[in-house]
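As structure tokens, the structure follows; a few thoughts come after it.
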Amino acid sequence: MNGIKYAVFTEKSIRVLGNNQYTSNVESGSTRTEIKHWVELFFGVKVIAMNSHRIPRKGRRVGPIMGHTMHYRRMIITLQPGDSIPPFTDLLDIEKNLKQNT
């Protein structure tokens, strides 16, 4: 699974966990079919839909040379109802407890 970099935990990504959608950053050269195959094979779930967008680069200066950060693609993966990815499920439970306490 060298194409999937890491999971993304933003306010929006935590909010869409309730819709069985999971967000992660992947390499910009990876295709949708590769990512779908990796997720289904590694986590043993069924992927229904995938949305993606490219994250804008940020400029970084090192002395007189102007460079850019790494370029990633963000994937929002929708799973079949009843399927889940375990580390994300724990995060969803924490969010529900926080809403109940406030």
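Residues that are more than 15 Å from the chain's Cα centre (by Cα) and of a type outside the set (Ser, Thr, Tyr) do occur in the stretch 16-29. From the list ILE48, ILE35, ILE65, the lone residue that is aliphatic (A, V, I, L, M) and either surrounded by 17 or more Cβ atoms within 10 Å (Cβ to Cβ) or within 14 Å of the chain's Cα centre (by Cα) (or both) is ILE35. Candidates in the stretch 73-88 are the residues that are at pLDDT below 85 and open to solvent by less than 50 Å² (accessible area, probe 1.4 Å); of these, the one that is farthest from SER13 (Cα to Cα) is ILE85. Residues that are polar (S, T, N, Q) and either exposed (fewer than 14 other Cβ atoms within 10 Å of the Cβ) or part of a strand (DSSP E or B) (or both) within the stretch 1-22 comprise ASN2, THR10, ASN19, GLN21, listed in sequence order.
The values are calculated or read from the model by the stated rules, or taken from the named source; none is laboratory data. As the structure is a computational prediction, the values presented were derived from the model and not from experiment. Heads up, the Cβs are rebuilt from the backbone with ideal geometry, glycines too, and the neighbour counts pull from every protein chain shown. Side chains included, ligands, DNA and RNA excluded: accessible areas come from the protein's heavy atoms. Shrake-Rupley method; radii C 1.70, N 1.55, O 1.52, S 1.80 Å.
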